[in-house]
Amino acid sequence: MQRRILVIEDEEDLAELLALHLRDVCQEVKVTGDGAQGLAIAESGDYDLIILDLMLPGMPGLDVCRRLRAQPRYTPILMLSARSSEIDRVLGLELGADDYLTKPFSLMELNARVKAIFRRLEALAVDAPALGSVGVGELHIEVEKRRVTFKGRPIELTRREFELLLHFCRHPGRVYTRAQLLDTVWGYGHAGYEHTVNSHINRLRAKIEEDPAHPCYILTVWGVGYRFTDGAVEAQRC
Ligand code: CA
């Protein structure tokens with residue numbers, strides 16, 4: 001498969017090393033050391049992955065990430081940072097980065113992350129055409145248009161909220177632990193961030209549940225995790 005990667009990294013030695021190494025897993029690597037320039041290149045080109053440093057001249061990495069995620073086109077982002085504080089990592093993921101590597105990292109680790117992101121992309125591409133729309137109860141999802149309606153009203157969801165809801169809708173009645181949801185919806189490398197799942201579920205419930213305190217769609221399975229309604233028992237109660 002033809003893959004193109006954009007590397008936005010101002011440490012020249014590292015950028016060069018990344019470019020050299022990444023040519024093994026993709027056809028084209030473009031490198032820039034400036035945040036604003038990187039954003040412009042990302043906007044004008046069709047990339048399969050953006051490797052984005054946090055501390056950059058021109059525009060900070062978090063701002064580049066925020067700007068990219070405000071656009072309809074979705075390109076996976078792998079963030080790099082010399083900082084290891086949890087707050088940066090959480091902020092990066094909340095802003096829509098797909099994964100995160102703290103410097104220094106090994107090329108093997110980078111390789112594993114990049115391959116995991118590409119695997120998820122392929123899985124999404126395989127899933128998508130088979131599912132024009134999914135509906136449970138009064139909830140309706142048009143997959144390609146990424147449009148969600150509840151009782152006929154459009155619901156605004158972030159990309160991650162949408163993917164979480166879509167995953168639930170595709171597997172009604174099945175119980176998932178927070179770790180499983182992290183692994184499937186957020187992907188490899190997010191172990192230990194189960195609270196991120198909770199906060200996304202709370203936001204989803206606020207948007208799709210009539211009474212978020214007594215949910216009918218995303219149900220809590222105490223001591224285990226969550227289960228999406230299979231439409232039977234809960235529908236009578238709601
Ligand atoms: Ca830097």
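I'm trying to understand the selection: among the residues of region 44-67, which are open to solvent by 80 Å² or more (accessible area, probe 1.4 Å), without any contact (Cβ under 8 Å) to a residue 40 or more places away in the chain and not basic (Lys, Arg)?
Matches in region 44-67: Ser44 only.
Which of the following residues is more than 15 Å from the chain's Cα centre (by Cα), surrounded by 13 or more Cβ atoms within 10 Å (Cβ to Cβ), modelled with pLDDT of 80 or more and aliphatic (A, V, I, L, M): Leu110, Leu78?
Leu110
What pairs come up if the first residue lies in region 91-117 and is of a type in the set (Gly, Ala, Ser), the second is open to solvent by 60 Å² or more (accessible area, probe 1.4 Å), and their beta carbons are under 8 Å apart, counting only those six or more places apart or on different chains?
Cβ pairs passing all conditions: Gly96/Arg66; Gly96/Thr158; Ala112/Tyr188; Ala116/Tyr188.
Can you name the helices (runs of 4 or more DSSP H) wholly within region 112-222 that have at least 2 residues being among the small types (Gly, Ala, Ser)?
The helices (runs of 4 or more DSSP H) meeting that bar are 194-208.
If you take the residues in region 56-75 that are out of contact with any Ser or Thr (no Cβ under 8 Å at 6 or more places or on another chain) and not in a loop (DSSP other than H, G, I, E, B), which one is modelled with the lowest pLDDT?
The extreme case among them is Arg69.
Mind listing just one residue for me: the one in region 1-17 that is under 22 Å from the mean Cα position of the chain (by Cα) and of a type in the set (A, V, I, L, M, F, W, C) and, of those, farthest from the ligand (Cβ to nearest atom)?
Met1
Checking the conditions here, which among Ala36, Ala15, Ala40 is closer than 27 Å to Glu122 by Cα, open to solvent by 30 Å² or more (accessible area, probe 1.4 Å), at pLDDT 95 or above and assigned to a helix (DSSP H, G or I)?
Ala40
Looking only at region 145-189, which residues are surrounded by fewer than 17 Cβ atoms within 10 Å (Cβ to Cβ) and among the charged types (D, E, K, R)?
Selection gives Lys145, Arg146, Arg147, Lys151, Arg153, Glu156, Arg159, Arg170, Arg174, Asp183.
For region 222-231, how many residues are open to solvent by 20 Å² or more (accessible area, probe 1.4 Å) and modelled with pLDDT of 90 or more?
Residues in region 222-231 being open to solvent by 20 Å² or more (accessible area, probe 1.4 Å) and modelled with pLDDT of 90 or more: 1 in total.
Being farther than 19 Å from Gly92 by Cα, of a type in the set (Gly, Ala, Ser) and open to solvent by 10 Å² or more (accessible area, probe 1.4 Å) is the requirement here; does Ala213 meet it?
yes
Considering region 18-33 alone, what residues qualify as being surrounded by 18 or more Cβ atoms within 10 Å (Cβ to Cβ) and either in a strand (DSSP E or B) or away from the ligand (no atom under 16 Å from the Cβ) (or both)?
Matches in region 18-33: Leu22, Val29, Val31, Thr32.
Considering region 190-208 alone, what residues qualify as being open to solvent by 30 Å² or more (accessible area, probe 1.4 Å) and touching a residue at least 24 places away in the same chain (Cβ under 8 Å)?
Selection gives Arg203, Lys207.
The values are calculated or read from the model by the stated rules, or taken from the named source; none is laboratory data. Everything numeric here is computed off the predicted structure, so don't read it as measured data. A quick note on method: Cβ atoms are made from the backbone with ideal geometry, for glycine too, and the neighbour counts reach across all protein chains shown. Each accessible area value is taken on the protein alone, full model and side chains, heavy atoms only, with ligands, DNA and RNA left out. Shrake-Rupley method; radii C 1.70, N 1.55, O 1.52, S 1.80 Å.
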